[in-house]
Amino acid sequence: MTTSLRTSYPVGQRVAAGLVHAYTASGVVLALLMVHFAYAGEVRTVLWLFLAAMVVDGTDGFLARHLRVKAVMPGFDGALLDNIVDYITYAFAPMILLWSTGYLPDGWLGGAVAAVPLLASCYQFCRSDAKTDDHFFLGFPSYWNIVAFYLIVLEAGTVTSTTILLVFAVLVFVPVKYLYPSRTERLWYVTMALTTLWLALYAVIVARLPDPGVVWVALSAVYIGYYVAVSLHLTVTTARRGATSAE
């Protein structure tokens, strides 16, 4: 008699796998709180929730791979769950925050501006090659929470905020390969160390608001520069390597 996959693993292992999925799903609760506090004008609270969501997103994959969640619970699509949670926390909630707190134009125009990144992210999250086989993000990976963070910290005006959102929305469709911090093998240790440091700097900056300190913001921007520079470099080198192997 063939033993089903569902019963071929110990109960404890299946419970652990379920808890990992529950951990991922906790992001939707964080998103609900983000929207609530955004409309309440509690910007600092929302930024703390952004940090919590990034920590969950940055660690649930490690747990899932370590506990072999995909094999233990084959009937549950953890990747789909992750995409749902990421869309709400990384795209939808940040647009709510920017629109509700005056960083976008008033009225329907602000809503129209906020809709552009959301529509672009619909494409980003649904494309089959959004995460490449060599573990990169293809196109700007809808880090709208990080964009919103810097617009708020730098007290950007509505024109600046609108321009930046529209530019990044276009970058979603530009086939640059961006680092997937927890999975891109090239420079993994350096990237993870700098990512962890950036998260710590993010916390320092939020804790200091409304006066984040120029030095802290500048230090955090170094990581952004590293991320963009390495992503562009690896995009070019992998493209050259592919062209050479095709000859």
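The values are calculated or read from the model by the stated rules, or taken from the named source; none is laboratory data. Note that the coordinates shown come from a computational prediction; the quantities given were computed from them, not determined experimentally. Methodologically, a virtual Cβ is constructed for each residue, glycine included, from the backbone with ideal geometry; neighbour enumeration extends over all protein chains shown.
Table for the structure above
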{"read-out": "Lone qualifier among Tyr103, Tyr9, Tyr87, Tyr39 - being aromatic (Phe, Trp, Tyr) and touching a Cys at 6+ places or on another chain (Cβ under 9 Å)", "value": "Tyr87"}
{"read-out": "Of residues in region 172-213 being polar (S, T, N, Q) and in a loop (DSSP other than H, G, I, E, B), the one farthest from Thr59 (Cα to Cα)", "value": "Thr184"}
{"read-out": "Subset of region 177-222 (residues that are within 24 Å of Trp48 (Cβ to Cβ), among the aromatic types (Phe, Trp, Tyr) and out of contact with any Ser or Thr (no Cβ under 7 Å at 6 or more places or on another chain))", "value": "Trp216"}
{"read-out": "Pick from region 100-134, criterion of a type outside the set (Ser, Thr, Tyr) and in contact with a strand residue (DSSP E or B) (Cβ under 9 Å, 6 or more places away or on another chain), ranking: farthest from Ala31 (Cα to Cα)", "value": "Asp134"}
{"read-out": "Unmet criterion (only one of (1) within 23 Å of Val56 (Cα to Cα); (2) modelled with pLDDT of 95 or more; (3) in contact with a Ser or Thr (Cβ under 9 Å, 6 or more places away or on another chain)) for Tyr143", "value": "(3)"}
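Yes/no per residue for (1) assigned to a helix (DSSP H, G or I); (2) touching a residue at least 40 places away in the same chain (Cβ under 8 Å):
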| site | (1), (2) |
| --- | --- |
| Gly75 | no, yes |
| Leu81 | yes, yes |
| Asp86 | yes, yes |
| Tyr90 | yes, yes |
| Ala93 | yes, yes |
| Ile96 | yes, yes |
| Trp99 | yes, no |
| Tyr103 | no, yes |
